Amino acid sequence: MKKTLLAFTLLSSLSAFTQNFTLVSNSGIVPVQYSTCKFADIDGDGDLDLFAMGGSPNAGSSRMYKNDGTGHFTLHDDQTFIKSREGGSAFGDVNGDGFPDLIVSGNANGVNTKLYLNDGAGNFSLSPNSNFIGTMNGDVNMADFDNDGDQDILITGMYTSNGFAMALYTNDGTGVFTRNLQSGLESYGMYLASVVVADVNGDGKPDIVTSGKVGINATATNIRIFLNQGDGVFAHHPQPAITALLGKVALADVDNDGDQDLLIAGNMPSSSGNPALWFRMQLYYNDGTANFTMAEGIPFVGIGDNLAIAFADVNNDGYQDILSMGRKYSETTVGNNIQEANLYLNDGTGGYIKMEDMPFTSHSTGNIVFADVDNDGDQDVLITGIGTGTTAVAKLYRNGQVLNVDDHNAKTIVVYPNPVQDKVYLTLPDQVIQDIQIYTLGGVLVGTEKPNTTMISLDCSRLNSGVYLVAVTTVDGNKSWTKIVKQ
């Protein structure tokens, strides 16, 4: 029996199977625009429920839905919460009882910000300690900003026609909040705000990255980073120096090096004067200390104007992918008002490839929110916003892995050793192997070989750690699948 050592060539051009997202026709979710949507298990039954707030179609609304465990949602409460739009929402346990509470801000016949407490069964009531600054066109975030073991609250947005807030409220551990006027954030009030919270400099404390306008007549949005100095005091970090109009920010570790990288999208006027460059999406790699360098050569489609961006590992390969939607520049469309939604798969190095023929449609003034709503182990996605004319939409897409779960005819393939560190042997008894293809779990082809033998030895030393699918085709045209685990 002949053994052939195959140091298979890693492909420079990535080939991928189409990611299988399917629009759910009966999700039970009422369409909303100018919206904010968040998932949490509000009743402790092991699935993710949904809070959706926004114009429905125009008047403000707030609805809490319960999930039946399969991704179908039933209205649970549309009366308790402020009926709002153009605001933010965040779940977090503010009083230490183990249940996710909810804070909501926005335009509810005036600016409002209210905190609601969860009784553990998913029933909410207005907190008696809900004396927060009311805002709209902003955001709300929860995190332990002062490192005392409880959830604090950050509120941004417009509170008067020319007044803009960035207010940090510290929690005493029981859900009673005090505004910290010495946080270092008070002078950076903004509206049309996009705010994300994560540790960007590796010191274990939650930092803040924002995009927002700092004045009612401002022509650009400032991207700012605030580093947590401890005890809920922040210092403005001047890098990177970026401005955008109607911009959004998102953080994720795209290259799996242990730090948070930064994605920015929006209208960023170009010094070249080329309007096609005004609509951009840019990725910045973090060196681990909050110093960011712009990634070159990633083929993002630039978007702007009431856009949305979100990270998620949609193909379960261990790398953060990107879904974006917004208006893109077009020289041929009247008013340049052409919307586009794009899914980008991470190539495993922090680079991205754009997927074609995806089912998503782009909607302005909306949200992109990922969650595993049907408990099948992958990330589904909810998209809200404006549809045709002023019609609101809420589209839930269920994620189905193209290559996942069980091995196909794997019992006929002998694999040893598995897991593998450097070399693995594959045997297909009494059959000549004509072709071998190695894929990531997301369907990205990373290696191929044509051995014409019944037993092969593969050199896996150049593969990253993870699970790979191996397709084995015989000279008779029969195909079998198996998995190998690279340590």
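Readers should treat all values here as calculations from the given coordinates under stated rules, not as data from a laboratory. As the structure is a prediction and not an experimental result, all values here were calculated from the model. Note: ideal-geometry Cβ built from the backbone for every residue, glycine included; neighbour counts use all protein chains shown.
Per residue, the convex hull spanned by the Cα atoms of the range 414-486 measures out at 74 cubic angstrom.
Each label was represented as a point 7 Å from its Cα along the Cα-to-Cβ direction; for Ile338 and Ser130 these points are 4.6 nm apart. Each of Ile353, Ile42 was scored by other Cβ atoms within 10 Å of its Cβ. Listed from fewest to most, they are Ile353, Ile42. Shape class of the range 172-264 from the alpha-carbon gyration tensor: oblate, with a/c at 1.5 or above and b/c at least as large as a/b. What the Cα convex hull of the chain gives, in volume per residue, is 162 Å³. Taking other C-beta atoms within 10 angstrom as a stand-in for reagent exposure, Tyr468, Tyr169 fall in the order Tyr468, Tyr169, fewest first. Compared with the direct C-alpha span, the chain from Asp45 to Asp257 gains 72.9 nm at full extension, assuming 0.36 nm per residue.
Computed about the Cα centre, the dipole magnitude for the chain is approximately 1420 debye when only Lys and Arg (+1) and Asp and Glu (-1) carry charge, each at its Cβ. Distance check, please: which entries in Lys395/Lys479; Lys38/Lys486; Lys423/Lys479; Lys38/Lys395; Lys83/Lys328; Lys66/Lys328 exceed 26 angstrom between their Cα atoms? Too far apart for the 26 Å limit: Lys395/Lys479; Lys38/Lys486; Lys83/Lys328; Lys66/Lys328. Of the residues Ser364, Ser84, the one with the fewest other Cβ atoms within 10 Å heads the list, and the complete ranking is Ser364, Ser84. Along the chain, the longest continuous region that contains none of the GluC sites (Glu not before Pro) in a DSSP loop with at most 11 other C-beta atoms within 10 Å is 1-295. Taking a ≥ b ≥ c as the square roots of the eigenvalues of the alpha-carbon gyration tensor, the range 22-167 is classed oblate because a/c is 1.5 or more while a/b is no larger than b/c. Need the C-alpha centroid separation for the range 222-253 versus the range 418-472, integer Å. First find each Cα centre; the distance between them is then 44 Å. Of the residues Pro419, Asn112, Met190, the one whose Cα sits farthest towards the positive end of the charge dipole of the chain is Met190 (charges of +1 on Lys and Arg Cβ, -1 on Asp and Glu Cβ, taken about the Cα centre).
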